[in-house]
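To start, the structure under review is shown below, and the notes come after it.
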Amino acid sequence: MRKLFGTDGVRGTANMHPMTAEMALKIGTAVGHYFGRAERGVHRVVIGKDTRLSGYMFENALTAGLTSTGMSVLLMGPVPTPAVGLLTRSMRADLGVMISASHNPAQDNGIKFFGPDGFKLSDQVESEIEALIDSGVPLAATDRIGRAKRIDDARFRYGERIKASLPRGIRLDGLKVVVDCANGAAYRAAPEILWELGAEVVPVGVTPNGLNINDGCGSTKPRVAAETVVAHKADLGICLDGDADRIILIDETGTVADGDQIMALFASRWAAEDRLARKTLVATVMSNLGLEHFLQGRGLHLERTKVGDRYVVERMREAGFNLGGEQSGHIVMSDYATTGDGLMAGLNFVAEMIRSGEPASALIRQFERVPQLLKNVRYEAGQEPLAKAAVKAAIADAEAALTGSGRLLIRKSGTEPLIRVMAECTDEALLKQVVDGIVAEVEAAREPA
C-alpha cells in the first residue's frame with residue numbers, strides 16, 4: 001500500500017511530514033532516478049507551481065533532488081496544473097511536476113506528477129517510486145549533474161493551446177465575464193486569455209501574496225464572485241481553484257452550477273454533434289443521480305469511477321472515452337487536454353452560449369438534482385473509526401433504509417484526514433436522518449486525540 005501518495009499526489013501541511021523540504025528532496029531524487037533511466041541523452045523535467053509561499057521551498061528541494069540524478073529542470077513558475085500536463089508532452093520532457101494543494105488552504109501544499117505522455121502517474125508507478133524513496137537511489141556522476149533553467153513563455157504556450165480547443169473563429173466580443181482565480185496559479189493566465197478572445201474581464205482573486213490562495217474565493221467559495229457578477233451585470237462568472245484544474249460556473253443571476261451540470265451540457269451537445277465517444281460520459285461515484293437520469297433519458301451512458309480526476313482519466317483512456325469529470329468541477333476533455341482544465345471548460349461553455357444564443361441561466365440547469373447531503377468528519381492519524389462495529393451497523397441500517405429510493409457513499413478523503421458521508425434520496429427527511437445517524441456514530445467512534 002502507498003504511504004505517501006494519496007488521491008492526487010503527495011499532500012499535507014507545509015513543514016510537517018510528509019510535506020517537508022527533506023522529503024521533497026528524497027522524492028525528487030527518487031522520481032529523477034525512475035524517469036531518468038532510459039538510455040538516451042538529456043533527461044528533462046518541467047516544474048510548475050501555484051502561488052503558495054511554501055512553493056519556493058519545495059521548488060528548490062525538488063530541483064536539488066532531480067538534478068542530483070542527472071535530470072535537467074525547466075522551471076515554469078506559477079501556471080495551472082493542466083499547463084504542466086500539456087508542456088510535459090510538448091517539450092518532450094520525461095516528467096512533469098506540479099507543486100500545489102489545489103483547493104486546500106495556503107498552509108497545505110502538495111506534489112503531483114505527470115509522465116512523459118502528459119498524464120498523471122498510475123497507482124503502480126507511485127508505489128514503485130515510494131519503494132525507491134525508502135531504499136535510496138544512486139546519484140549521478142559529478143559531470144552528469146543536471147541543470148536548472150527558467151522558462152518565461154510557459155503561460156503563453158498554455159494560452160495558445162487553450163484557445164485552440166474553441167471552434168474556429170469564436171470571439172467573446174460583447175461578453176462581460178467575471179473570473180475568480182482564487183489568488184492561485186491562473187491569476188495572470190485566465191484574465192489574459194479571456195481578454196485576448198475579446199471579453200470584457202472583471203477579475204477577482206488576482207492578488208496573491210503567498211498566504212491568501214483559496215481564501216474566501218475560488219471554486220469552493222464562489223460567493224464573492226457571484227456578488228460581483230450581479231453587481232457588474234456580467235454575463236457569466238468563472239470560478240477556478242488554486243491550481244485551475246477545476247471550475248464552478250455562475251450565471252447572470254448569481255446562480256452557481258457545479259461540474260455535473262457542465263458535464264450534462266457538454267455530453268448532450270457533443271452527442272448531438274456525434275462527437276461524444278461511445279455515447280458515454282465518465283464521472284465519479286460522487287456525481288448526482290440526476291445526472292445519470294438525464295443521460296439515460298437521452299440514450300447516453302454514465303460510467304462511474306473512484307473519486308479523483310486521475311481515475312476518471314484512466315477509465316477514459318482504457319475505453320476510448322473523450323469526456324469526463326467530477327461534480328467538484330474537474331472537466332476532462334481528452335481531445336484537448338490530459339487532465340481537468342477549469343479555464344478550458346469555462347471557455348467551451350462560453351462558446352456554447354455564443355453558438356446557442358442562450359444566456360448562461362438557460363444552460364447551467366440541465367437537470368433537476370436528486371437531493372444530496374454530504375458531511376465530513378475529521379479524525380486523527382492512526383484512527384480507524386470506519387472499522388468500529390457500531391459504525392458498520394449504522395451504515396448497514398442506512399443502506400437498507402435507502403433501498404429503492406437512493407444511495408449511500410462512505411469514503412475516506414484521499415487528500416485530507418476526513419471521512420466523507422454522502423447520501424442521495426428523494427425523501428429529504430430520510431436523507432438527513434441516515435447521514436446524521438452515520439456521522440454521529442463515526443464521531444463517537446473516534447478515539448480521544
- Message: Viscosity 0.890 mPa s, temperature 25 °C: what is the translational diffusion coefficient of the chain from Stokes-Einstein with a Kirkwood Rh over Cα pairs, rounded to a whole number of µm²/s?
- Response: 108
- If you rank 365, 246, 275, 188 by how much accessible surface each has, with a 1.4 Å probe, what is the order from largest down? 365, 188, 275, 246
- Task: Among DSSP beta bridges whose residues both lie in the chain, state the antiparallel percentage, nearest 5.
- Result: 55
- Task: Report, by chain and number, residues whose modeled amide H sits under 5 Å from the one on residue 280, excluding near sequence neighbours (fewer than 5 apart, same chain).
- Result: 301
- Query: Setting aside same-chain residues fewer than 8 positions from residue 221, which lysines have a Cα under 24 Å from its Cα?
  - Reply: 49, 112, 176, 233, 375, 412, 432
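Quick one: what do you get for region 10-106 if you divide its Cα Rg by 2.2 N^0.38 Å? Let's see the in-between values first.
Details: Rg = 12.8 Å, N = 97, 2.2 N^0.38 = 12.5 Å.
In units of the 2.2 N^0.38 Å rule of thumb, it is 1.03.
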- Query: Within the P(r) computed for region 342-398, what percentage of the Cα pairs occupies the region above 18 Å?
  - Reply: 64
- Query: Taking the Cβ-Cβ separation of residue 301 and residue 365 as r and a Förster radius of 22 Å, what is the calculated FRET efficiency to the nearest 0.05?
  - Reply: 0.50
- Message: Using the basic label-point model (7 angstrom from Cα toward the beta carbon), what is the residue 396 to residue 426 distance in nanometres?
- Response: 2.8
- Message: Test of understanding: what is the full-extension gain from residue 153 to residue 42, defined as 0.36 nm times their sequence separation minus their Cα-Cα distance?
- Response: 37.8 nm
- Message: Limiting things to C-alpha atoms, what are the Rg and the maximum Cα-Cα separation (Dmax) for region 253-321, in angstroms?
- Response: 12.0, 40
- Task: Heads up, I need the accessible area for residue 375: 1.4 angstrom probe, whole protein in place, Å², nearest 10.
- Result: 70
- Note on the structure: FRET efficiency (residue 13, residue 376; Cβ distance; R0 22 Å; to 0.05) is 0.80
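Divide by every residue of the chain the summed helix terms, -39500 (n - 2.57) for each DSSP H run of at least 4, and state the resulting mean residue ellipticity at 222 nm, rounded to the nearest 500 deg cm²/dmol. Walk me through the numbers before you get to the answer.
Numbers: 13 runs with 160 residues, N = 449.
Theoretical 222 nm ellipticity from helices: -11000 deg cm²/dmol.
Could you rank the peptides 8-16, 413-421 by their average count of other C-beta atoms within 10 Å per residue, with the highest value first?
Details: 8-16: 19.8, 413-421: 17.7.
Sorting 8-16, 413-421 by mean packing, highest first, produces 8-16, 413-421.
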- All alpha-carbon distances of region 290-449, grouped into 10 Å bins from 0, give the whole-percent distribution 9, 28, 32, 22, 7, 1
- Query: Over region 362-449, what per residue volume does the convex hull of the Cα atoms give, in whole Å³?
  - Reply: 106
- Query: Roughly speaking, what is the stretch gain from residue 317 to residue 164, that is 0.36 nm per residue apart minus the C-alpha to C-alpha distance, in nm to one decimal?
  - Reply: 52.9 nm
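Grab the eigenvalues of the alpha-carbon gyration tensor for region 1-62, scale each by 5, take roots, and send me the semi-axes largest first in whole angstrom.
Values: eigenvalues 99, 46, 21 Å².
Output for region 1-62: semi-axes of 22, 15, 10 Å.
Taking the Kirkwood radius as the inverse of the mean 1/r across Cα pairs, report the Rg/Rh of region 291-349.
On the way: Rg = 11.4 Å, Rh = 11.9 Å.
Radius of gyration over Kirkwood radius for region 291-349 works out to 0.95.
How would 43, 103 line up by accessible area, probe 1.4 Å, largest first? Could you put the intermediate results ahead of the total?
On the way: 43 15, 103 45 Å².
So the residues, ranked largest to smallest area, are 103, 43.
Compute the Rg to Rh ratio over region 366-417 from the alpha carbon atoms, using the Kirkwood formula for Rh, and round to two decimal places. Write down the numbers at each step before the final one.
Numbers: Rg = 13.8 Å, Rh = 13.3 Å.
My calculation puts Rg/Rh at 1.04.
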- How big is the accessible area of residue 25 in square angstrom, nearest 10, if you roll a 1.4 angstrom probe over the protein chains? 70
- Once you put a point 7 Å from the Cα of residue 125 and another 7 Å from the Cα of residue 176, both along the Cβ direction, what distance in nm separates them? 4.5
- Note on the structure: Here region 81-152 gives, from Cα atoms, an Rg and Dmax in Å of 14.4, 41
- Based on Cβ point charges of +1 for Lys and Arg and -1 for Asp and Glu, what charge dipole magnitude is obtained for the chain about its Cα centre, in debye rounded to the nearest 20? 940
- Along the positive direction of the dipole of region 248-341 (beta-carbon charges: Lys, Arg +1; Asp, Glu -1; about the Cα centre), which of 328, 262, 300 reaches farthest? 300
- Message: What is the distance in Å between the Cα centroid of region 402-449 and that of region 12-35?
- Response: 34
- Note on the structure: Stretched fully, the stretch from residue 335 through residue 207 gains (0.36 nm per residue minus C-alpha distance, one decimal, in nm) 42.8 nm
- Just going by the charge dipole of region 296-383, with Lys and Arg at +1 and Asp and Glu at -1 on Cβ, which of 367, 349, 313 is farthest out on the positive end? 367
- Sorted by accessible area with a 1.4 angstrom probe, largest first, how do 176, 432 fall? 432, 176
- Report the convex hull volume per residue for region 210-282, counting only C-alpha atoms, in Å³. 102
- May I ask for the distance between the Cα centers of region 177-207 and region 359-396, given as a whole number of Å? 32
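The values are calculated or read from the model by the stated rules, or taken from the named source; none is laboratory data. Everything numeric here is computed off the predicted structure, so don't read it as measured data. Reconstructed Cβ throughout: ideal geometry from the backbone, glycine too, with neighbour counts over all protein chains shown. Note: areas computed on protein heavy atoms with side chains; ligands, DNA, RNA excluded. Shrake-Rupley method; radii C 1.70, N 1.55, O 1.52, S 1.80 Å.
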